[in-house]
Amino acid sequence: MNSNFCIAQVGTVPFDIEGNERLITDLSLKAKEEGYKLIVFPELALSGYYCLDLTFNQNFLLSQREALVRIAKKTQGISVVLGFMRSEEGILRSNGRPVVYNSAAFLEDGKVLGIQDKRLLPDYDVFDETRYFIAGEKSEVIRSKLGRIGLQICEDLWTEAYSINPGQELLEKGAEIVINISASPYEKGKFDERVRLARKLKCPFLYVNTVGGFDGYEGEVVFDGRSFFIGDDGEFVFGFGEEGVFSRNNKVSGRLSEVEEIYNALIIGLRSYLSRTKSDSITIGVSGGIDSAVVAALAAKCSKKVTLVSMPTRYNSEGTRSDAKKLAENLNVDFVEFSIEKIFQNFSSELKGKLSVSDTALENLQSRIRMGVLFSISNSNGSLVLNTGNKTELALGYTTSYGDLAGAISVLGDVNKREVYELARFINRDKKIIPQSIIDREPTAELRDNQTDAEGMGGRPQDIADLVDTLIEGGEVEDSALTGKLRKLLLSSEWKRRQAPPAIKISRKAFGHGRRVPM
């Protein structure tokens, strides 16, 4: 195949056929003007990814067929590969839903030269593709003026758990190159797996992945891009989270550390969520603790309108109060200290006068008052309240329902406590943004005197974080009193997690749609 190609590492908008068609056409014509012979777009670029049940809309499906014809006519002079939903009009599945395929189209000389349907449909973790699509029956080589092209779609590369190998079938039928168009979510360590599987085919291989954050129904799913090409003249990798048209001239040298990947993924997820909800301002409750500090630092990268609110009571030390203020100064964002001590005193006094109230209830009351303050601010200025809890806390139920569990989106809901500390150190790599005393301080909710998080969790959260993750993922752990306690806390906290805000997914097993256990 002629090596004069480029890739469009872009994220398109679900259900916006008109806007997506315009983007695909404009980028294709620009690539043609710059002398490229082929441009490749990601999986479901025309429809947008994660359309969920909007997939079943008949007008939506029809509009894609019409748009595909228009794009082909307008882009003569350059070959185009793009993903779309192919439907069979008038034919319904046994459940009454339309017959739809997740497909890749090859456009050339003003027409649709070939179509390849996705063969392997994932229905694990956050994927539910058998709900929406029918699997393709065969893989065929497309005979283009550029050569013999083999197309596959995302999961068609991940063949090790399946009985068929679409890529190998294409090579056996004479494909000179395999092009994989993908919408593959970011997970720690996943990029290496993509490259390993591509190398196994031992052929020129082009992988084009979408980029951005998308609504995963119960969580924010992040796509990292990082498209790549494996050819006779080496391997080329394109940027993490970078959107645009790239060629060999835009290759990326070097690799990102895991903490840098996580940092970038959280930025992508939060920015995309703000964009989709048409929000430009953020409110965060800050305690002088590390979780809220990291969330505040991430928020400051995503919005120019961030307000940090400190809401101390008698239990908050002078150190945490001053750290909260210092953090705001370092981030150059608005800061408000709103003491809830009098509210807490009056509220608890009224409760004690009429009810039998436990010490735990009074601890949680502080958290619920704080959330009332934050949402009052949100209602007044239209800002989004961000949840600041981490995955380890969420796993073990170390959070207050209708208190610190609340928020529009959970930025750290799939980030364990050890990773929170790593993020804090990464944020401080060039400049001390997060005060060192926040990083050094023993984690505490400060809801009573001399309280530490380790008391309720059975160990320092940063020390048990990886063990908790292993329990979440169903991995093998050594039996002990600690693992028994953690397992019990994990299982008994499911009812709380059902009420948690959606989290930005960065791990193999996040809470939400990808992990379904009964309450």
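The values are calculated or read from the model by the stated rules, or taken from the named source; none is laboratory data. Remember, predicted model here, so these are calculated numbers, not experimental data. Note that we place each Cβ from the backbone using ideal geometry, even for glycine, and neighbour counts take in every protein chain shown.
Within the range 325-344, the residues that satisfy the criterion of being surrounded by 15 or more Cβ atoms within 10 Å (Cβ to Cβ) and within 28 Å of the chain's Cα centre (by Cα) are LEU327, ALA328, ASN330, LEU331, VAL333. Checking each residue in the range 183-207 for being in contact with a Gly (Cβ under 9 Å, 6 or more places away or on another chain) and not charged (D, E, K, R) picks out ALA183, PRO185, TYR186, LEU197, ALA198, LEU201, CYS203, PRO204, PHE205, LEU206. Give the range 276-312 a look and list any residue that's in contact (Cβ under 8 Å) with a residue 60 or more places away in the chain, out of contact with any strand residue (DSSP E or B) (no Cβ under 6 Å at 6 or more places or on another chain) and assigned to a loop (DSSP other than H, G, I, E, B), or say none. Listed by number, the residues that qualify are THR277, SER287, GLY288, GLY289, MET311. How many residues, within the range 313-324, are over 19 Å from ALA296 (Cα atoms) and loosely packed, with under 14 Cβ neighbours inside 10 Å? Qualifying residue count for the region: 3.
Could you please find all residues in the range 173-205 being under 17 Å from GLU242 (Cα atoms) and not in a loop (DSSP other than H, G, I, E, B)?
Keep residues of the range 173-205 that are under 17 Å from GLU242 (Cα atoms), which gives 181-187, 191.
Those that are under 17 Å from GLU242 (Cα atoms) and not in a loop (DSSP other than H, G, I, E, B): ILE181, SER182, PRO185, PHE191.
If I ask for residues that are closer than 30 Å to TYR124 by Cα and either hydroxyl-bearing (Ser, Thr, Tyr) or in a helix (DSSP H, G or I) (or both), which ones from the range 465-481 would you list? Write out each step before concluding.
Keep residues of the range 465-481 that are closer than 30 Å to TYR124 by Cα, which gives 465-479.
The answer is ALA465, ASP466, LEU467, VAL468, ASP469, THR470, LEU471, ILE472.
When ILE78, ILE91 are checked against the criterion of being farther than 23 Å from CYS154 by Cβ, buried (at least 21 other Cβ atoms within 10 Å of the Cβ) and in the same structural domain as GLY150 (by TED's automatic domain parsing), ILE78 stands alone in meeting it. Cβ-Cβ distances below 6 Å connect the following pairs, each with a first residue in the range 97-109 that is closer than 18 Å to SER63 by Cβ, a second residue that is modelled with pLDDT of 95 or more and of a type in the set (D, E, K, R), and a separation of six or more residues or different chains: TYR101/ARG86; TYR101/ASP117; ASN102/LYS118; SER103/ARG86; SER103/ASP117. One residue stands out in the range 1-23 among those that are in contact with a helix residue (DSSP H, G or I) (Cβ under 6 Å, 6 or more places away or on another chain) and either of a type in the set (Ser, Thr, Tyr) or closer than 23 Å to GLU66 by Cβ (or both): the one that is surrounded by the fewest Cβ atoms within 10 Å (Cβ to Cβ), namely PHE15.
Screening GLU43 on (1) within 24 Å of the chain's Cα centre (by Cα); (2) without any contact (Cβ under 8 Å) to a residue 12 or more places away in the chain shows it passes everything except condition (2). For VAL373, state whether it is of a type in the set (Val, Ile, Thr), more than 30 Å from LEU471 (Cβ to Cβ) and at pLDDT below 95. In short, no. Beta carbons closer than 8 Å, at least 6 apart along the sequence or on distinct chains, pair a first residue in the range 13-30 that is of a type in the set (Gly, Ala, Ser) with a second that is buried (at least 20 other Cβ atoms within 10 Å of the Cβ) and assigned to a helix (DSSP H, G or I) for SER28/ILE71.
Put simply, of GLN451, GLN462 the only residue that is in a loop (DSSP other than H, G, I, E, B) and either at pLDDT 95 or above or not assigned by TED's automatic domain parsing to the domain that holds ASP125 (or both) is GLN451.
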